[in-house]
Structures are given as structure tokens and as C-alpha cells.
Amino acid sequence: MMTTIVLIRKNNEVVVAGDGQVSMGNTVVKSTASKVRKIEKRDVVAGFAGSTADALTLFERLEAKIEKHAGNLSRAAVELAKDWRTDKYLRRLEALMAIGDKENSYIISGTGDVLEPEGDVIGIGSGGNYALAAGKVLMDTDMSAEEVAKKAIKVASEICVFTNDNIKVHKI
């Protein structure tokens with residue numbers, strides 16, 4: 001999962017940020033990709049790490065599940081994880097998702113995991129642990145959720161070779 005995504009929940013804001021680097025092996029093929037999305041209608045933000053086509057497929061499925069369950073993100077996340085784990089086609093998709101709305105934040109994986117973080121910071125992808133650590137430290141500052149997210153990705157980009165500092169952000 002060669003990317004970095006961070007989701008920050010602070011002061012009644014939820015922000016997802018991601019870097020813009022797409023790598024194939026040891027080669028950077030694009031530096032301006034957007035790996036974060038917002039479902040405007042339902043005030044949901046999501047970021048994905050992994051194969052771009054796989055992640056976009058999963059994002060479309062997530063959007064459909066959220067609509068089907070009238071905006072209930074918890075139910076949609078569980079249903080997506082169940083489909084992802086059991087569906088013959090989806091099972092082969094390699095990605096992780098960090099999703100959030102005003103009430104909940106989750107990490108969803110292809111192994112059927114729907115994990116709710118203990119704190120207000122999620123980090124996924126190759127630089128996810130660096131961004132997670134930076135985000136946790138920055139939560140105790142006067143920085144906004146967006147500032148924390150951007151700085152966390154910036155820190156990860158200075159450590160992880162699969163992460164750049166071309167940061168895309170969505171917030172609710």
C-alpha cells in the first residue's frame with residue numbers, strides 16, 4: 001500500500017488527507033493523484049491506499065452502501081467489509097480505506113476488518129504509521145484538523161519514499 005492517508009477528527013471537524021504519489025515498483029509514475037474523496041450528499045470523507053482501480057471500485061461500492069443504508073456509515077462499512085471478504089471478485093482487491101463522518105471513523109480492509117480507532121487519528125498506507133505518530137503529537141497543539149492532517153502527511157513524506165508532499169484534503 002504505497003501511499004499515505006491520514007484521517008483527523010478535531011474540534012468538530014473531520015479531515016482526510018493523502019499524498020499524490022503513484023509508484024510502480026521503485027518508479028514514481030504520477031505525483032498529483034487524488035486518493036481522497038468526499039460523498040457530499042452524506043457528509044462522508046474517505047481515503048484509500050492500495051491499487052487505484054481497486055480503491056475506486058471500493059469507493060463506488062461504499063457510496064452505494066451508504067445510500068442503501070440511508071447514510072448510516074457504520075452499517076455501510078460493515079456491509080462493504082462483508083462483501084469485500086466474501087465476493088469472488090472483490091476478494092482479490094488490494095486496498096485499505098479510512099472513512100469518516102461527523103460521528104464515526106473507520107479503517108476497512110479486505111480481510112473483513114472494520115476497525116474503529118481508539119483516538120482521533122487514523123493513518124494507513126506505507127507512510128501511515130509516520131503520519132499517525134505525527135498526527136497524535138500534533139493533536140495537542142492549537143492547529144486545526146486540516147493543519148494537523150497536512151503536517152502529518154508532510155512528516156511522512158520526509159521519511160517514506162512512497163509518499164510525496166503533494167497533499168489533497170477533504171473535510172466535513
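The values are calculated or read from the model by the stated rules, or taken from the named source; none is laboratory data. Everything quoted here is computed from the prediction, not taken from an experiment. Neighbour counts are summed over all protein chains in view; Cβ atoms, including those assigned to glycine, are modelled from backbone coordinates with ideal geometry.
A few notes on this one:
- Residue within region 127-138 that is of a type outside the set (A, V, I, L, M) and either at pLDDT below 95 or more than 21 Å from Leu96 (Cβ to Cβ) (or both) present: no
- All told, Ala17 falls short of being small (Gly, Ala, Ser), without any contact (Cβ under 8 Å) to a residue 60 or more places away in the chain and either in contact with a His (Cβ under 9 Å, 6 or more places away or on another chain) or over 21 Å from Gly127 (Cβ atoms) (or both).
- Considering Val45, Val22, the condition of being within 17 Å of Gly123 (Cβ to Cβ), surrounded by 16 or more Cβ atoms within 10 Å (Cβ to Cβ) and aliphatic (A, V, I, L, M) is satisfied by Val45 alone.
- Any hit, region 112-119, residues being at pLDDT below 95, β-branched (Val, Ile, Thr) and more than 15 Å from the chain's Cα centre (by Cα): no
- In the set (1) among the hydrophobic types (A, V, I, L, M, F, W, C); (2) over 16 Å from the mean Cα position of the chain (by Cα); (3) modelled with pLDDT of 95 or more, the condition left unmet by Leu90 is number (3).
- Restricting the first member to region 20-49 and to residues that are within 25 Å of Ile107 (Cβ to Cβ) and of a type in the set (Asp, Glu), and the second to residues that are at pLDDT 90 or above and in a strand (DSSP E or B), no beta-carbon pair is closer than 6 Å while six or more apart or on different chains.
- Inclusion of Glu116 among residues that are without any contact (Cβ under 8 Å) to a residue 12 or more places away in the chain and within 23 Å of Lys171 (Cβ to Cβ) is not warranted.
- Strands (runs of 3 or more DSSP E) completely within region 53-172 that count 2 or more residues being of a type in the set (A, V, I, L, M, F, W, C) and surrounded by fewer than 16 Cβ atoms within 10 Å (Cβ to Cβ): none
- Here Ala53 fits the description: more than 22 Å from Lys154 (Cα to Cα) and over 12 Å from the mean Cα position of the chain (by Cα).
- Some residue of region 129-140 being more than 20 Å from Gly50 (Cα to Cα), out of contact with any strand residue (DSSP E or B) (no Cβ under 9 Å at 6 or more places or on another chain) and β-branched (Val, Ile, Thr): yes
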